[in-house]
Structures are given as C-alpha cells and as structure tokens.
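For reference, the structure is listed below as structure tokens.
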Amino acid sequence: MNLVEVRFDDYILPYQGKKEIEPLLIEKGNHLSLVQKPVDPIKEGYIFVGWYADDEFKEKIVWEDYQDTYGEVKEATSIESNTTLYANWQQWFMVSTKSGAEKQVKKDLQARVENAKFQGYITEILVAEQEQLDNKGGKYTGKTKKENPYKGYIFVRTKMTDDSWYLIRNTPNVTGMVGSSGKGTKPFPVSEDDMEAVLKLCGRDVSVAIDKYFRGAKVEVIKGFYKSARGIVRNVFQESKEVEVEMTFFSRPLIAKIDFDDIKKVDN
C-alpha cells in the first residue's frame, strides 16, 4: 500500500487554543482518502487567509466539494506526496501615499505583487471608500458617489516580511508606512478596532475579516440589557454573529448570548 503523510503546520483550533493535529496517512490514488479541509484555525490579532503547500506561500491549496459515503457534501483536496500544509497568517497595515494617488498606487502595487509572484504575501489592497449623497451647489442631486475619507492612505493586508515591506515602500507614489520611523524599523499593524471601523465604513462584513472574539476572551457589554457587565466568552457563533458570555449581573452568575456589536474586548 502506497501511503502519503500530510501534516498541518501552526494549527490553532478556534476557541480551544493551540492544538497539534496528528499527521494524516492517506492511500495515494484512492479517491476515498482525500484530505478533508479542517475547521479554519484562529490566532488573535491575525487573519487566516488559507492553507498553502509551501512556506513561501506560492501554492495555495484548492479545496473542492465532494460527497462522502453518507451523502454529506464536504471540502477536500487530493495530495500525491508527503506534504506539510502551512497556515498563512496576515495583518492589515496603513500605507501613506501622495494625496490623490491612492487608486494608482493600488494598481501599481498589485502589478508589482503579480510580477514578483507575491500573491501569497500580499492578498488585499484596499482604498477605503464609502457611498455618500452627491451634493452640488448645496443641493443633493439624488445620486451617490464614492468618497475616500482616508485621503493619502491605502490599507494593505500582508504577511509582513523584509521582502513584502520592500515591495510596498518602493512602489511609486508611496511615501511611507504608518508606524515605520525609518532606519529599518518595520511598521506596526492597524489595530483590530480601527480596522473594523474602516471595513464597516466600506460596507464589509467584519465578522469574517477579523477573528476578534474567541473562547476565553474578556469582554464588556456596551449596549442592551446587560450594559457595563463584564465576562468571559465561552462560545462564538459566527453565523448569527453572537457570543455566549459567562458573567455576573447584579451579583448573580449567568450565561447570555450577546450580539457582536453589543460587546467590546477588554484587557482585564
């Protein structure tokens, strides 16, 4: 029997912390022994952008639907040789540009990423724009237009390395990166709260963009019946965008489901 070993590198199971997955042994060429896609891992402050077949993040694993012997549709991929699958963790960074050149910088940076085959390191370039009512001469035209409230800046989702940093800062019309003071100092990422505000402004669903709430996180309720109460997240429900919080309310211990928008993360 020709067996193939598959390992998962840096796998962190949602809500349970670090967990090592035992290497999988599958029979090469057996269509019933496909590698099934695991639950997406989670790491506080990072975005998981997918599994890759190499630590240079050039070959992204493509998961395809298949029907198992019980008729359930699942995602899996075929592996033909001993393989380690690498989790690609990224963060958002704020890049300063010449005012008015934001869209051109996005276009030029995207071209540089493709030419350098760096798509695994820089996976999104965002010019933050929001819909606003068009106003001409003090009168609304009934139309809408897109405005960039962050003039002179773009946002880049990347795995920050020396190479990705060099590629970004040497793009025409880029004037710097927020947090980098020069002399080799790397920039710092945009905070979760700040990036959440940017994504919401752009009309994006932030619940799948930033893994902010996880099992064990300390939170405070900021709206609703339990306002000001603090507790520990015990479960996260991504589909309904709710968390189950264990807390004390009026000296009574209880567990309640709270909407994502009604809580904030606290340090203690």
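The values are calculated or read from the model by the stated rules, or taken from the named source; none is laboratory data. Bear in mind that the values here come from a model prediction, so they are computed numbers and not experimental data. Methodologically, a virtual Cβ is constructed for each residue, glycine included, from the backbone with ideal geometry; neighbour enumeration extends over all protein chains shown.
Give 100, 71 a once-over and let me know the one that is modelled with pLDDT of 90 or more and assigned to a loop (DSSP other than H, G, I, E, B). Working first, answer last.
Values: 71 fails: modelled with pLDDT of 90 or more.
Going through 100, 71 in turn, the sole match is 100.
Among the residues examined, residue 99 does not qualify as in contact with a strand residue (DSSP E or B) (Cβ under 9 Å, 6 or more places away or on another chain) and either of a type in the set (S, T, N, Q) or within 30 Å of residue 175 (Cβ to Cβ) (or both).
Residue-by-condition table, conditions (1) assigned to a loop (DSSP other than H, G, I, E, B); (2) more than 21 Å from residue 120 (Cα to Cα); (3) at pLDDT below 90; (4) out of contact with any helix residue (DSSP H, G or I) (no Cβ under 8 Å at 6 or more places or on another chain):
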site: 157; (1), (2), (3), (4): no, no, no, yes
site: 160; (1), (2), (3), (4): yes, no, no, yes
site: 165; (1), (2), (3), (4): no, no, no, yes
site: 197; (1), (2), (3), (4): no, yes, yes, yes
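Inspect the range 227-243 for any residue being closer than 14 Å to residue 44 by Cα, part of a strand (DSSP E or B), within 25 Å of the chain's Cα centre (by Cα) and at pLDDT 80 or above and give the result as yes or no. Within the range 227-243, one or more residues are closer than 14 Å to residue 44 by Cα, part of a strand (DSSP E or B), within 25 Å of the chain's Cα centre (by Cα) and at pLDDT 80 or above. For the range 180-195, taking the residues that are assigned to a loop (DSSP other than H, G, I, E, B) and within 16 Å of residue 90 (Cβ to Cβ), the one that is modelled with the lowest pLDDT is identified as 186.
Would you point out the residue of the range 49-68, among those that are at pLDDT below 85 and in a strand (DSSP E or B), that is farthest from residue 124 (Cα to Cα)? Explain how you work it out, then say what you get.
Going residue by residue through the range 49-68, those that are at pLDDT below 85 are 65-68.
After this cut, where a residue has to be in a strand (DSSP E or B) as well, the list is 65-67.
On the way: 65: 25, 66: 29, 67: 32 Å.
Checked the range 49-68; the qualifying residue farthest from residue 124 (Cα to Cα) is 67.
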